[in-house]
Amino acid sequence: MDVKKVVIASDHAGFEAKEFAKECLVKLGFEIEDLGTNSKDVSVDYPDFANILSNKISEKNGIYGVLICGTGIGISVAANRHANVRCALCHDVTTARLSREHNDANVLCFGARIVGRATIEDMINIFFATPFAGGRHQNRIDKLGSCYVS
Ligand code: RB5
């Protein structure tokens, strides 16, 4: 993976996990941009942070993302409404690895109320170490562009 920068965002439910995830990303040597939120005590709306982050992601520019909310569900749904964002809601090392191998995910997502710190660090490590497998999976990625309906 050619990772030039990692952008990260969460809602209030994901704030503490975001701070921990940043430590994991620093260990991997990535440049990080934290797009908020900045407190666990102020309730915010996850679509706002999904949108801020997703606007920074586009294919082949080397920018990847990490998104966190309480379950990971709301923020991943919001992110995947953006063209060229492939946000993978992951629960373990296997889903994190396969999201890269099969789906060429450019945003790793997880639920702060669902997974613990050891799993978060393992998912981050495997996600950013795993290349896209290409081949038959590329055909499927290409078809994602036609999944938009109005
Ligand atoms: C916030 O309470 C919570 O609803 C949000 O973080 C997320 O879990 C939604 O999918």
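The values are calculated or read from the model by the stated rules, or taken from the named source; none is laboratory data. On a predicted model such as this, the values are computed, not experimentally measured, just so you know. Here Cβ is always computed from backbone atoms with ideal geometry, including for glycine, and neighbour counts include all displayed protein chains. Note: areas computed on protein heavy atoms with side chains; ligands, DNA, RNA excluded. Shrake-Rupley method; radii C 1.70, N 1.55, O 1.52, S 1.80 Å.
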Filter result for GLU121 (of a type in the set (Asp, Glu), away from the ligand (no atom under 16 Å from the Cβ), open to solvent by less than 60 Å² (accessible area, probe 1.4 Å) and over 22 Å from GLU31 (Cβ atoms)):
no
The residue from ASP11, ASP45, ASP34, ASP41 that alone is in contact with a strand residue (DSSP E or B) (Cβ under 8 Å, 6 or more places away or on another chain), within 16 Å of the ligand (Cβ to nearest atom) and acidic (Asp, Glu) is ASP11
Only one of ILE68, ILE114 is within 15 Å of the ligand (Cβ to nearest atom), touching a residue at least 40 places away in the same chain (Cβ under 8 Å) and either of a type in the set (Gly, Ala, Ser) or open to solvent by less than 30 Å² (accessible area, probe 1.4 Å) (or both); which?
ILE68
Would you mind stating whether ARG97 is in contact (Cβ under 8 Å) with a residue 60 or more places away in the chain and open to solvent by 60 Å² or more (accessible area, probe 1.4 Å)?
no
Those residues that are out of contact with any Asp or Glu (no Cβ under 8 Å at 6 or more places or on another chain) and within 12 Å of the ligand (Cβ to nearest atom), I need them from the stretch 49-63; list them, please.
ALA50
Evaluate the following for HIS91: is it open to solvent by 40 Å² or more (accessible area, probe 1.4 Å), within 16 Å of the ligand (Cβ to nearest atom) and under 30 Å from GLY135 (Cβ atoms)?
yes
